[in-house]
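K.L.:
First the structure, then my questions, so here it is.
The values are calculated or read from the model by the stated rules, or taken from the named source; none is laboratory data. Because the structure is a prediction, the values reported are computed rather than measured. Glycine also receives a Cβ, built like all others from the backbone with ideal geometry; neighbour counts cover every protein chain displayed.
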Amino acid sequence: MSGPASRPPGAGGEVTRSAPAKVNLFLAVGARRTDGYHDLVTVFEAVPLTDLVTVRLRPAGTGEPTVRVSAFWSPGAPAASHPGAPALPQDLDNLAGRAAQAFIEAVGGRGSGLPPVAIEVTIEKRIPAGAGLGGGSSDAAATLLALQELCGRPLDARTLRRAAASLGSDVPFFLSGGRAVGRSRGELLTLLPRAPRLHLVLALPPVTLATAEVYRRFDELSGAGPDPATLATRIGPGLPAGGDSPAPAGARERETALEAFLRTLAGGEAGAVARCLRNDLQAAALSLRPEVGEVLRALVEAGCLGALVSGSGASVFGLAAGEKEAAGAAARAPSALPPALVGRVAFVPVVSPAWEVRDDPAEGARSGSGEAPHTLKPG
């Protein structure tokens, strides 16, 4: 849903956007940089597990623009993200609130930008927190795009992307959605074709992982890891490998491995793609939360061709050969869990990538690809 394409910024209005989750089909991580980040190469994939973000713009009397954020768990959220879910940050503690502030600053801040307005953001959460699915980043991007629409598109695409990158490494991806390669810390993007479409099973365990903690663990483990060419953290048609962590991948190795993955993905053979899934953070995530490895095992035992931790975790996903196979794996996976996890993990079959969004001020914010859906060939 969306509001009018353009309106004066003081006129008020409301826009509601779906904010998709993401998984990382491929993630090769380099050594820690002097600024504390790691150079990486990743393939982002938007998946149709979504939050709903509503942004309201109301005229205010006098003073500077104000920002309020209200976030709550949706009654329709997957079971793993709802009962006992952590309290959600509100107002400027929420990344969506900081996104609204970044938008205000980008259009000129005091006096020269927005007139006095009250920005109200309401987030109905379905994407679990601390799951490696990018829910907070997606909410922030949806807020930026909604404000663009409500305020008559005052920012050009480059300025909008710069504002997004200032909020977090994943936020720029959610301005586009679909499928993309991310480089540097993930903010430098190259959009990819949406074909072939992938049949995935998202698995949402009742645990969380902090991204910073996982990267610290990666740094601790990486000194004794095997050569990247023998990555123990790839999950193909078999059970997850042990807890060894790969050494940080050099720039050439990252790009060479990415090219091989993209060739395999374009070939559309599900088994071959499953064997190329890669996440250099997986060993670190499993060392911190061993139960995540049990969820990976359950997906493989249930019939997925491969399974992988998404990003820094704790969510994981499995790749299936088709829609029927994904639905079957989602149905069988709970019975493959150890007793301690039975009834506590949600398994959700999805087809990815989700829709594409556009951040081109002249073209509007959301667009379908216009292409016929493609699926992976069984292999």
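K.L.:
Is there a residue being in contact with a helix residue (DSSP H, G or I) (Cβ under 6 Å, 6 or more places away or on another chain), in a strand (DSSP E or B) and in the same structural domain as ASP35 (by TED's automatic domain parsing) anywhere in the stretch 122-145? Lay out the reasoning, then the answer.
P.N.:
Here is the first cut: in the stretch 122-145, the ones in contact with a helix residue (DSSP H, G or I) (Cβ under 6 Å, 6 or more places away or on another chain) are 123, 127-128, 136-141, 143-144.
If we keep only those that are in a strand (DSSP E or B) as well, we get 123.
Then drop every residue that is not in the same structural domain as ASP35 (by TED's automatic domain parsing), which leaves 123.
The answer is yes; a qualifying residue exists.
K.L.:
Would you check which residues across the stretch 312-358 are touching a helix residue (DSSP H, G or I) at 6+ places or on another chain (Cβ under 9 Å), under 28 Å from ARG17 (Cα atoms) and charged (D, E, K, R) and list them?
P.N.:
Of everything in the stretch 312-358, those that are touching a helix residue (DSSP H, G or I) at 6+ places or on another chain (Cβ under 9 Å), under 28 Å from ARG17 (Cα atoms) and charged (D, E, K, R) turn out to be GLU356, ARG358.
K.L.:
Where the second residue is assigned to a loop (DSSP other than H, G, I, E, B) and at pLDDT below 85 and the first is surrounded by fewer than 16 Cβ atoms within 10 Å (Cβ to Cβ) and lies in the stretch 8-32, which pairs have Cβ atoms under 7 Å and are six or more apart or on separate chains?
P.N.:
GLY10/PRO115; ALA31/PRO248
K.L.:
Right, next: What's the total number of residues in the stretch 257-300 that are of a type in the set (D, E, K, R) and in contact (Cβ under 8 Å) with a residue 60 or more places away in the chain?
P.N.:
Step one: of the stretch 257-300, the residues of a type in the set (D, E, K, R) are 259, 263, 269, 275, 278, 280, 289, 291, 294, 297.
With in contact (Cβ under 8 Å) with a residue 60 or more places away in the chain added as a condition, the list becomes 269, 278, 280, 289, 291.
Looking only at that region, the number is 5.
K.L.:
Regarding ALA21, is this residue at pLDDT 95 or above and part of a helix (DSSP H, G or I)? Can you show your working first?
P.N.:
Values: at pLDDT 95 or above: yes; part of a helix (DSSP H, G or I): no.
Against the criterion (at pLDDT 95 or above and part of a helix (DSSP H, G or I)), ALA21 does not qualify.
K.L.:
Out of the residues in the stretch 169-188 that are touching a Leu at 6+ places or on another chain (Cβ under 7 Å) and in a loop (DSSP other than H, G, I, E, B), state the one that is farthest from ALA251 (Cα to Cα).
P.N.:
Within the stretch 169-188, the first condition is being touching a Leu at 6+ places or on another chain (Cβ under 7 Å), and the residues that meet it are 172-173, 175-176, 178-182, 185-186.
Next, only the ones that are in a loop (DSSP other than H, G, I, E, B) stay: 178, 185-186.
Values: GLY178: 25, ARG185: 13, GLY186: 14 Å.
Within the stretch 169-188, the match that is farthest from ALA251 (Cα to Cα) is GLY178.
K.L.:
Looking only at the stretch 146-162, how many residues end up being touching a Phe, Trp or Tyr at 6+ places or on another chain (Cβ under 9 Å), of a type outside the set (S, T, N, Q) and crowded, with 22+ Cβ neighbours inside 10 Å?
P.N.:
Total satisfying the criteria: 3.
K.L.:
To continue, here is another question. Please work out if SER137 is hydroxyl-bearing (Ser, Thr, Tyr), within 15 Å of the chain's Cα centre (by Cα) and at pLDDT 95 or above.
P.N.:
yes
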